[in-house]
Amino acid sequence: MERKRLEDFASPTPSRWRENAIYRLENSRWLRRSQKIAMEMLDRMDFLGVNQKELAQRMGCTPQYVSKILKGKENLSLETICKIEDALDMEFQSIPVPAVVSL
């Protein structure tokens, strides 16, 4: 009886929690970076009073794409990062150039 009740509540679609967990583990480095970029974007948008629609216009993309970026799960290209920086008049990070050693 209890088993039948439990089966009634079970989803016919198998859970993908294991695959999702493996994906997050294998991609944790860039996912963390994407989340950090999203948080910095939200802070800057708040400071400038810019909404997602206006940011999309500034970047030349759709509001739906801006929404995806702001979820912090988008693997951003350098081109997209530059568009964000230009649209929000900010810089996320500068990549240090190694010092030149004289021989």
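Derivation of every value follows stated rules applied to the coordinates shown; laboratory data play no part. Quick caveat: nothing in here was measured; it's all calculated off a predicted structure. Quick reminder, even Gly has a Cβ in these numbers, built from the backbone with ideal geometry, and neighbours come from all protein chains shown.
Taking only DSSP H segments of four or more residues, each worth -39500 (n - 2.57), what value at 222 nm results for the chain once the sum is divided by all its residues, to the nearest 500 deg cm²/dmol? Intermediate values should be presented prior to the final figure.
Values: 6 runs with 66 residues, N = 103.
Dividing the helical sum by the residues of the chain leaves -19500 deg cm²/dmol.
Given charges of +1 on the Cβ of Lys and Arg and -1 on the Cβ of Asp and Glu, with all other atoms neutral, how large is the dipole of the chain about its Cα centre, in debye to the nearest 20? It would help to have the intermediate numbers written out before the result.
Values: 17 positive and 15 negative charges, 109 e Å.
In debye, rounded to 20, the chain gives about 520.
Would you check the chain for Lys pairs whose C-alpha atoms are within less than 29 Å, ignoring same-chain pairs closer than 8 in sequence, and give me the count?
12
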